[in-house]
Each structure stands twice: as structure tokens, then as C-alpha cells.
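Below is one structure, written out as C-alpha cells, with a few remarks after it.
The values are calculated or read from the model by the stated rules, or taken from the named source; none is laboratory data. None of these values were measured; they are calculated from a predicted model. Methodologically, a virtual Cβ is constructed for each residue, glycine included, from the backbone with ideal geometry; neighbour enumeration extends over all protein chains shown. When the accessible area is computed, the model is the full protein with side chains, heavy atoms only, and any ligands, DNA or RNA have been set aside. Shrake-Rupley method; radii C 1.70, N 1.55, O 1.52, S 1.80 Å.
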Amino acid sequence: MQSAHRPRIAIFDSGIGGLTVARAVRDRLPGADLRYLGDTARLPYGTKTAETVTRYALQAARALLGEDGADALVVACNTASSCALPALEAECGLPVLGVIAPGARRAVAASPTGQIGVIGTERTVASGAYTFAIEALRQGASVHGKATPLLVGLAEEGFFSGPLVDAALDAYLGPWLERRGPGAIDALVLGCTHYPVFKEALAAWLGRRLGREVALIDSAEAIADELATRFPSATTGSGATELLATDGLERFRRVGSGFFPMQGAALRLVDL
Ligand code: DGL
């Protein structure tokens, strides 16, 4: 008897941040084969132009899909999702899932007031992609974006909490929240896939500042749910994991294991 096809899911980000998405996908679809690429040689994407990010995203997709292809491509990078989805869809000819639409849906569902904050890279915030997606789902919503690019570096360095993270939150979000007053926001989109590692630090920081809870929105679960609906056969079983990086494989393994359980995964350096 021929064995059933194991869905193959390709995922990429500029670095290790997208491993937060890969982890949710792995947990929800243990029977899928995952191939992840972190473009560590060219991180960060968030300070680059839309043209450059689109070029990098297409190269990452080509490397991931290679000769054997995939059943779906997950753009586990908000920056690339904010500008490269049309080009990826046009070239790849397979379902391409970005992180912005699912994050926007979750934010709208979690925000009774419609006052929604979005933190992300400069490119993601400047693109207005979350604003468009949220306003299309909920009329009258107010989306307040704030670029917090240093958080990417802190995550890549393995600082997920502590004084450095608090200092970055003070500097970026302190004045930003003060300008908006106490009613400011009731949901905050983690609009960069590196940011879920700061969930605890952010919840504590926001609690101290606002004296109440703010819903922290992470697209990873939403993407994993969507994939589980598309590939129900992969919600059980045991698939293979291949992790590719464009530079610093050892560092990728060391820091990335804080994001994704790497035991049993094949690691490989690739050149785009
Ligand atoms: N993790 C990426 C994102 O979601 C970007 C980090 C970067 O390369 O600037 O936007």
C-alpha cells in the first residue's frame, strides 16, 4: 500500500523570529514535514526598502521550495508579509500564508474598544498593512503603530526579559502610551515574529504602566489553525524538520533553540 503524502510546509523569516510561528505549526501539525529558512545573513529586513525585502523574500522562497516544492508557503515575517505577498503568490503557484491577515483578525476579536496598538519593524509599521487589514474588518477601529526595531536585536541576542528589554519598552512605548492617555489600547499586536518571546515581559510592563491587562496578539496560532484546516491528515503523526540558515549555523542553533525545540531537526547552511 502506498503511504499517504505528508504535507510539506515551507516557512521563512529574516532570522530566528519566524521559529515562533514554526513552533506553533509543529505543535498543531506534528505529521507535517517542515522546512524553515532563516535569512540570518541579511537580517534585519525591517529597516530595508520594500523592493529589497521583496527580492530577498523571493530568493528565500526559491531556496525553500527547491526541486521538491511544498504544499504551502508560510511567510513568518511581518515585514515580508507587508510588502512581498503579491510577488510571492505570483511566482510560487501554491498557497502563500502571510502573518498580517490572521493577526488583524485576532486583534479585532480581542479588542472591545477597537483601540489597537501595533508594534513591529519600521517597514511593517510604515506600510500601514495592519491599519488597512484591521480597518477593513472593523469600521471605526483606531490603529496605533509604533516601530520598535531594537527588539529584533534583543531577541536575536537571547534577551527575552530583564533590564535591557524593560529599557527598550520604556524608551519606545512609554512616551507613545502617555500621548494616548489611560484608555490608550486594549489589544497590542506583536507585529513582528520575533516579539512573542517578549510576551511575559510586555504583559508585566503594560500591567505596571496601565494597571490593567492588554491582549497580546500573536499570529502564530492563527496560522497553525489555518494549516490544520487545510491539512487535517497532518494533525497527527510525526514529520521531519529541516532548518536552514544563510549564515552562522551554530549561533542559529544556540539562540534558535530558545524559540523552537531543535532536537531531531536537520540543520543546514544555504546560500541564496
Ligand atoms: N521577524 C521579522 C518580522 O516579523 C523581522 C525582523 C527583521 O528582520 O527586521 O517582521
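Couple of notes before you dig in:
- Checked against the criteria, PRO175 does not count as of a type outside the set (Gly, Ala, Ser) and within 13 Å of the ligand (Cβ to nearest atom).
- Of the set (1) open to solvent by less than 20 Å² (accessible area, probe 1.4 Å); (2) more than 10 Å from the ligand (Cβ to nearest atom); (3) in a helix (DSSP H, G or I); (4) farther than 14 Å from GLU242 by Cα, all apply to ALA22 but (4).
- Close pairs (6 angstrom Cβ cut-off, 6 or more residues apart or separate chains): within 11 Å of ILE11 (Cα to Cα) and at pLDDT 95 or above in region 55-77, outside any loop (DSSP other than H, G, I, E, B) and of a type in the set (Ser, Thr, Tyr) anywhere: VAL75/SER81
- Of the helices (runs of 4 or more DSSP H) entirely within region 55-169, those holding at least 1 residues that are among the hydrophobic types (A, V, I, L, M, F, W, C), more than 10 Å from the ligand (Cβ to nearest atom) and open to solvent by less than 30 Å² (accessible area, probe 1.4 Å) occupy 85-92, 100-110, 129-137, 150-156.
- Residues in region 182-209 that are open to solvent by 20 Å² or more (accessible area, probe 1.4 Å) and away from the ligand (no atom under 16 Å from the Cβ): 9 in all.
- Sole exception among (1) open to solvent by 10 Å² or more (accessible area, probe 1.4 Å); (2) within 14 Å of the ligand (Cβ to nearest atom); (3) touching a strand residue (DSSP E or B) at 6+ places or on another chain (Cβ under 7 Å) for ARG6, by number: (2)
- Checked against the criterion of being closer than 27 Å to PRO95 by Cα and not in a loop (DSSP other than H, G, I, E, B), the candidates THR193, THR229 yield just one match: THR229.
- Test set (1) surrounded by 22 or more Cβ atoms within 10 Å (Cβ to Cβ); (2) part of a helix (DSSP H, G or I); (3) touching a His at 6+ places or on another chain (Cβ under 8 Å) - TRP176 fails condition number: (1)
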